[in-house]
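Before any comments, here is the structure.
The values are calculated or read from the model by the stated rules, or taken from the named source; none is laboratory data. All values derive from a computational prediction rather than experimental measurement. Because the Cβ atoms are built from the backbone with ideal geometry, glycine has one as well, and the counts that use them run over all protein chains shown. When the accessible area is computed, the model is the full protein with side chains, heavy atoms only, and any ligands, DNA or RNA have been set aside. Shrake-Rupley method; radii C 1.70, N 1.55, O 1.52, S 1.80 Å.
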Amino acid sequence: MRGLEDVFAAGDITNFPLKQGGLAAQQADTVAAVIAAGAGSDLAPEPFRPVLRGLLLTGGQPRYFRQEITRGLGEAATISPEPLWWPPGKIVGRYLAPFLGAVAGVEASAEQAESQAAVQVEVELEFPVRPAAIDTGGTDGRSVAELMVPALVVAPEDTLAEVSEKMRAADIGSAAVAAYGHLVGILTSRDLLRAFAGRVHPSEARAREWMTAEPIAVSVQATVEEAFLLMAERGIHHLPVVEGERPIGMLGFRQAAQARPARFGLGF
Ligand SMILES: Cc1cc2nc3c(=O)[nH]c(=O)nc-3n(C[C@H](O)[C@H](O)[C@H](O)COP(=O)(O)OP(=O)(O)OC[C@H]3O[C@@H](n4cnc5c(N)ncnc54)[C@H](O)[C@@H]3O)c2cc1C
């Protein structure tokens with residue numbers, strides 16, 4: 001808060017001109033990241049980049065709206081009859097929406113459901129993340145663009161049968177889910193395995209139902225070192241690479257780890 005250190009505000013009470021629960025949740029995410037970073041976490045807080053999401057109930061098929069406010073309201077919003085987020089409710093928030101979805105009986109994706117039940121544990125990592133973070137020359141400043149593979153991009157309405165076939169043909173373990181050129185989710189072979197283990201019908205279940213929405217991603221300008229640390233920190237093995245909001249590549253944890261010098265003694 002202006003003039004007061006370590007005091008933060010989020011939600012309708014702030015002077016942000018748009019008052020909406022989804023925006024309030026995004027502000028709270030930013031505040032939480034800033035507080036965590038201030039408390040010594042390695043988390044790099046991202047600036048508040050408001051995205052307004054709205055659901056229009058039409059009496060028939062609903063319409064989903066998405067607009068990045070920082071780009072100016074003059075720009076066309078994405079409008080889709082297919083959900084642009086999951087669960088596809090009118091209250092959108094990284095943690096709030098899956099929680100409300102569960103209360104309302106809307107199934108969240110397997111990845112989200114797992115994270116809700118997860119218990120935080122502290123584990124000594126086998127590889128030294130911190131020294132590498134200090135040594136900015138970890139991968140000699142190589143850009144993710146040099147190491148990524150072209151992203152396999154699928155649509156939210158694609159069936160799991162279609163996605164698995166494309167993943168098999170491309171010999172790749174994950175797909176970026178995009179709507180109107182925007183990255184909206186990630187689907188990995190693990191998600192497919194869970195779906196099939198749950199006996200869903202591959203030609204009926206849709207990518208949007210099993211993807212992890214709003215995935216962690218890096219800009220194509222990021223270095224391999226930054227991408228590696230992000231994946232190590234968040235425990236993920238597939239990192240979509242975006243240009244703006246468009247998925248263009250995918251970086252694997254193993255590839256990023258192998259690109260790091262041997263002096264760190266990584267056992268990958
Ligand atoms: C009719 C309606 C429909 C809406 N529909 C949507 C929607 O579909 N999707 C969406 O994203 N947003 C929607 N919104 C907006 C959304 O509800 C708000 O943006 C959101 O609740 C803001 O959250 P907040 O935590 O900032 O404030 P609030 O939810 O207002 O929480 C503030 C809390 O502080 C309490 N409080 C106030 N004064 C004091 C005090 N002196 N001491 C202690 N407690 C106090 C209040 O009682 C309240 O519980 C809707 C709003 C309305 C009114």
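Conditions tested, residue by residue: (1) at positive phi; (2) modelled with pLDDT of 90 or more; (3) not in a helix (DSSP H, G or I).
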site: 165; (1), (2), (3): no, yes, no
site: 169; (1), (2), (3): no, yes, no
site: 192; (1), (2), (3): no, yes, no
site: 203; (1), (2), (3): no, yes, yes
site: 208; (1), (2), (3): no, yes, no
site: 228; (1), (2), (3): no, no, no
site: 231; (1), (2), (3): no, no, no
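Residue count for the range 1-22 under the criterion of being assigned to a loop (DSSP other than H, G, I, E, B) and in contact with a Lys or Arg (Cβ under 6 Å, 6 or more places away or on another chain): the result is 1. Pairs linking a residue in the range 8-29 that is farther than 12 Å from residue 52 by Cα and open to solvent by less than 20 Å² (accessible area, probe 1.4 Å) to a residue that is near the ligand (Cβ under 9 Å from one of its atoms) and assigned to a helix (DSSP H, G or I), with Cβ atoms under 9 Å and 6 or more positions apart or on different chains, are 11/21; 11/23; 11/24; 11/25; 11/27; 11/28.
Residues that are among the hydroxyl-bearing types (Ser, Thr, Tyr) and within 21 Å of residue 30 (Cα to Cα) within the range 76-101 comprise just one, 95. Among the residues of the range 23-69, those identified as in a strand (DSSP E or B) and out of contact with any His (no Cβ under 8 Å at 6 or more places or on another chain) are 51, 52, 53, 54, 55, 56, 63, 64, 65, 67, 68.
Residue under question is residue 199, and the condition is that it be part of a loop (DSSP other than H, G, I, E, B) and either open to solvent by less than 70 Å² (accessible area, probe 1.4 Å) or without any contact (Cβ under 8 Å) to a residue 24 or more places away in the chain (or both); does it hold? Spelling it out, residue 199 is indeed part of a loop (DSSP other than H, G, I, E, B) and either open to solvent by less than 70 Å² (accessible area, probe 1.4 Å) or without any contact (Cβ under 8 Å) to a residue 24 or more places away in the chain (or both). For residue 29, indicate whether it is of a type in the set (D, E, K, R) and within 12 Å of the ligand (Cβ to nearest atom). Considered against the rule, which asks whether it is of a type in the set (D, E, K, R) and within 12 Å of the ligand (Cβ to nearest atom), residue 29 comes out as no. For the range 181-196, the set of residues classified as over 17 Å from the mean Cα position of the chain (by Cα) and either touching a residue at least 12 places away in the same chain (Cβ under 8 Å) or in the same structural domain as residue 84 (by TED's automatic domain parsing) (or both) consists of 192, 194, 195, 196, listed by residue number. Restricting attention to the range 155-173, the residues that are within 19 Å of residue 208 (Cβ to Cβ), open to solvent by less than 70 Å² (accessible area, probe 1.4 Å) and out of contact with any helix residue (DSSP H, G or I) (no Cβ under 9 Å at 6 or more places or on another chain) add up to 1. Which ones in the range 210-226 are hydroxyl-bearing (Ser, Thr, Tyr) and surrounded by fewer than 19 Cβ atoms within 10 Å (Cβ to Cβ)? Of everything in the range 210-226, just one residue is hydroxyl-bearing (Ser, Thr, Tyr) and surrounded by fewer than 19 Cβ atoms within 10 Å (Cβ to Cβ), namely 219. Among the residues of the range 33-47, are any in contact (Cβ under 8 Å) with a residue 12 or more places away in the chain, within 16 Å of the ligand (Cβ to nearest atom), assigned by TED's automatic domain parsing to the domain that holds residue 93 and of a type outside the set (Phe, Trp, Tyr)? Checked against the condition, which is being in contact (Cβ under 8 Å) with a residue 12 or more places away in the chain, within 16 Å of the ligand (Cβ to nearest atom), assigned by TED's automatic domain parsing to the domain that holds residue 93 and of a type outside the set (Phe, Trp, Tyr), the range 33-47 yields no hits at all.
Within this structure, residue 246 passes the test of being modelled with pLDDT of 90 or more and open to solvent by 60 Å² or more (accessible area, probe 1.4 Å). With respect to (1) surrounded by fewer than 19 Cβ atoms within 10 Å (Cβ to Cβ); (2) more than 13 Å from the chain's Cα centre (by Cα), the lone exception for residue 236 is condition (2).
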